[in-house]
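Accompanying notes for the structure given below.
The values are calculated or read from the model by the stated rules, or taken from the named source; none is laboratory data. Small disclaimer: the values here were computed from a predicted structure and weren't measured. Here the Cβ is made from the backbone with ideal geometry for all residues, glycine too, and neighbour counts use every protein chain on show. Protein only, heavy atoms only, side chains kept; ligands, DNA and RNA dropped before computing areas. Shrake-Rupley method; radii C 1.70, N 1.55, O 1.52, S 1.80 Å.
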Amino acid sequence: METRRAGRADHGRRGRRVVPGTTPVKPRGPRRQHGGQDVQVPPADFRSYYGRPILKPPVWRHDIPAYLFTGGLAAGSALLAAGADLTGRPATRRTARAVTLAAVGAGTYFLINDLGRPQRFHHMLRVAKPTSPMSVGTWILTAFGGAAGLAAVTETAPHRRSGRFSRLGRVARAAGRAAGVGAAVLAPGLATYTAVLIADTAAPSWHQAYPDLPFAFAGSALASGAAVGLIGAPVRESGPARGMAVAGVALDLAATHRIETAHGLLSEPYRTGRAGRLLRAARALNVAGAAGALLGRRSRVVSALSGAALLAGSLATRFGVFEAGVESTKDPRYVVEPQKRRARP
């Protein structure tokens, strides 16, 4: 009883009980400097949370950046095919429609392969959730794939000018044009929904760049679609593809420049390491491709080389953005420092 009373009587200023005959324990933490003395605890250098990173890196494999590329290629090719159909460029239309179908098929494979089981893709079609970029993107991909497939299949219909084949050809052309326009309407959504999807994650550099990523992906999709026309179409029909290449590269360069410079510390992963090397290579390839598209108006070889450069630049852009987001989850600075700045009055 005496000990208990003494403990109550000697209750510390901070609410701690002091037992008689013992030395009060000082609270832990950094001590302010008094008379030039060193602090008790050095400044914290945060590295992990109990030996674990603050954020888990994305579990996505390289199927996902490959899907980002093929989705953009399919979208850009669909836009080129619709434009070629409406302006009377049959060779460009046939090439672009074939590439659109091949790209959307490859992209679907990459997506399903990353999901692990084909049933998961089917299960996502059982619901439609407008607030989920993944759900919206799955429906866009499905509708786009159907339209692109129909447009490509109509290219195999007979086009003789007499009898039943002539009527069948006219019906096929009308159906193909309608399907091609439908694919072109869905193309911007297919090209940019993946940017919204990755920006909706907790990866700091992706999340912070959400205003700019859709523009970067749209420009990259336009450039890759233009590359299809430069490589697979005759020079006499390549005018729209050349204009599309310049517009796509300009949009891509402007958006990636903002991503690399406008977001403070969280822009750093886009400029350093593997991501920085990929994005610098993409910039050089895109500039070379756009220059070739402008200068090689009469050269089949220069047009094809510029198209190859644009395809390589689009691929490097998608992989560079992917690598930057993954890297930003590994260093705690990219999580802690922006939070500290936001917490300051």
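Values as computed for the structure displayed
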read-out	value
Candidates Val287, Val246, Val302, Val321, filtered to the one that is buried (at least 20 other Cβ atoms within 10 Å of the Cβ), among the β-branched types (Val, Ile, Thr) and closer than 28 Å to Leu230 by Cα	Val321
Any pair with Cβ under 7 angstrom, 6 or more apart, that starts in region 133-146 at a residue that is free of Cβ contacts under 8 Å to residues at least 12 places away in the same chain and ends at one that is open to solvent by less than 50 Å² (accessible area, probe 1.4 Å)	Ser135/Met124
All positions within region 249-267 that are open to solvent by less than 30 Å² (accessible area, probe 1.4 Å) and within 11 Å of Ala209 (Cβ to Cβ)	Ala255, Thr256, Ile259, Glu260, His263, Leu266, Ser267
Those helices (runs of 4 or more DSSP H) lying entirely in region 80-154 with at least 1 residues farther than 30 Å from Arg173 by Cβ, of a type in the set (Val, Ile, Thr) and open to solvent by less than 60 Å² (accessible area, probe 1.4 Å)	90-115, 133-153
Residues of region 268-277 classified as surrounded by fewer than 22 Cβ atoms within 10 Å (Cβ to Cβ) and either more than 13 Å from Thr329 (Cα to Cα) or touching a Cys at 6+ places or on another chain (Cβ under 8 Å) (or both), total	6
Output for region 226-243, where each listed residue is buried (at least 24 other Cβ atoms within 10 Å of the Cβ) and within 13 Å of Gly289 (Cα to Cα)	Ala226, Ala227, Val228, Gly229, Leu230, Ala241
Count of residues meeting criterion [at pLDDT below 85 and touching a helix residue (DSSP H, G or I) at 6+ places or on another chain (Cβ under 7 Å)] in region 148-165	4
Lone qualifier among Gly137, Gly180, Gly145 - being closer than 21 Å to Met124 by Cβ and at pLDDT 90 or above	Gly145
Residue in region 258-273 that is at pLDDT below 95, part of a helix (DSSP H, G or I) and in contact with a Lys or Arg (Cβ under 8 Å, 6 or more places away or on another chain) present	yes
Tally, over region 288-337, of residues that are over 23 Å from Phe217 (Cβ atoms), touching a residue at least 60 places away in the same chain (Cβ under 8 Å) and assigned to a helix (DSSP H, G or I)	7
